[in-house]
Amino acid sequence: MAATRTKADIEAEIAAARSRLAGNVEELITTVHPQAVKTRAINDAKDFAAGELNTARSQFVDEFGNYKWDRIAYLAAAVIGTVAFVGVLKSIVRR
């Protein structure tokens with residue numbers, strides 16, 4: 001059997017619910033505020049860029065900070081090959 005509640009109990013329960021609701025609404029406003037959304041997006045982009053930079057850097061630097069010269073040489077050869085290919089392609093097209 002349910003216990004009967006007094007008027008004071010009901011008022012206290014309503015006040016507690018009102019307080020929780022106000023806190024939830026305030027949290028929602030803070031979460032969806034355009035400045036907060038912008039700040040989160042910028043921080044996410046910075047974290048993503050930092051992660052990608054560290055991933056790329058790990059391809060050319062070992063865990064001790066030494067350069068992986070073989071990988072650097074492969075990259076340099078690829079760049080030189082690409083530049084040479086574009087140069088040859090341009091000279092063929094100009095004819």
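The values are calculated or read from the model by the stated rules, or taken from the named source; none is laboratory data. Just so it is clear, the structure is predicted and the values come from calculations on it, not from any experiment. Cβ: placed from backbone, ideal geometry, glycine included. Neighbour counts: every protein chain shown.
Let me spell it out: the conditions are (1) surrounded by 10 or more Cβ atoms within 10 Å (Cβ to Cβ); (2) outside the structural domain of E26 (by TED's automatic domain parsing), and R40 meets all of them except one. Which number is the exception?
Here R40 clears every test but (2).
Could you pull out the residue among G87, G23, G51 that is more than 26 Å from the chain's Cα centre (by Cα) and at pLDDT 95 or above? Full working, then the answer.
Numbers: G23 fails: at pLDDT 95 or above; G51 fails: more than 26 Å from the chain's Cα centre (by Cα).
The match here is G87.
Pairs please, first residue from the stretch 70-92 and surrounded by 10 or more Cβ atoms within 10 Å (Cβ to Cβ), second anywhere and of a type outside the set (V, I, T) and modelled with pLDDT under 95, Cβ atoms under 8 Å, 6+ apart in sequence or on different chains.
Between residues of the stretch 70-92 that are surrounded by 10 or more Cβ atoms within 10 Å (Cβ to Cβ) and residues that are of a type outside the set (V, I, T) and modelled with pLDDT under 95, the close pairs are R71/Q59; R71/F60; I72/F60; L75/F60.
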